[in-house]
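Below: the structure, in structure tokens.
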Amino acid sequence: MSDQLPPDSSLYDIAAANVVDMGNRLMEQHEDADAWEAASGMLAGAIHYWLYARQPCGDPTCADCADMSSAEERLRHLLDEVRESARGSDYYHSPHDHNVGNA
């Protein structure tokens, strides 16, 4: 997938495509593996990196870090970003969801 991205793709798009590629490779290499386990591990790694990358700079007066200056504020931003990414995903709704209506 990442090799199919346009050359002017953003770092965000490249990173997201690489994570999907990694998941696909893991499942190909470990055919009997649980996809949920792999996905949860990948999510855990992404969360750890996101939290690392969003650490405040240490200057208590820094305007750029003001809304990320506590663990709870970072968690709120992380959950907002996760919610937005999930809702924007092609896989957010499944035909097997228990609340899917049938006409």
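The values are calculated or read from the model by the stated rules, or taken from the named source; none is laboratory data. Since the structure is predicted, the reported quantities are computational estimates derived from the model, not experimental observations. Using ideal geometry, Cβ is built from the backbone for each residue, glycine included, and neighbour counts are taken over all protein chains shown. Heavy atoms of the whole protein, side chains included, go into the accessibility calculation; ligands, DNA and RNA do not. Shrake-Rupley method; radii C 1.70, N 1.55, O 1.52, S 1.80 Å.
Per residue, the accessible area of the chain comes to 85 Å² when a 1.4 Å probe rolls over the protein heavy atoms.
Residues whose amide H falls under 5 Å from that of SER9, counting only those 5 or more places apart or on a different chain, are absent, with hydrogens built in the peptide plane. Residues within the reach of a label modelled at ASP13 (point 7 angstrom out along Cα to beta-carbon, backbone nitrogen below 20 Å), restricted to region 79-95, are 84-91. Each distinct pair of alpha carbons in the chain adds a 1/r term; the inverse of their mean, the Kirkwood radius, is 16.6 Å. Computed 3J(HN,Hα) for region 22-28, one whole-Hz value per residue from the Karplus formula 6.51 cos²θ - 1.76 cosθ + 1.60 where θ = phi - 60°, is 4, x, 5, 5, 4, 5, 5, glycine and proline marked x.
Mean residue ellipticity, 222 nm, helices only, the chain: the sum of -39500 (n - 2.57) across DSSP H runs of n ≥ 4, divided by residue count and rounded to 500, is -18000 deg cm²/dmol. Checking every one of the GluC sites (Glu not before Pro) in region 1-51 against DSSP loop status and a limit of 14 other Cβ atoms within 10 Å picks out GLU31. When you restrict to C-alpha pairs under 8 Å that are six or more residues apart and normalise by the size of the chain, the relative contact order lands at 13 percent. Working note: Karplus 6.51/-1.76/1.60 with θ = phi - 60° gives region 45-54 the couplings x, 5, 5, 4, 5, 4, 5, 4, 5, 9 Hz, where Gly and Pro are set to x.
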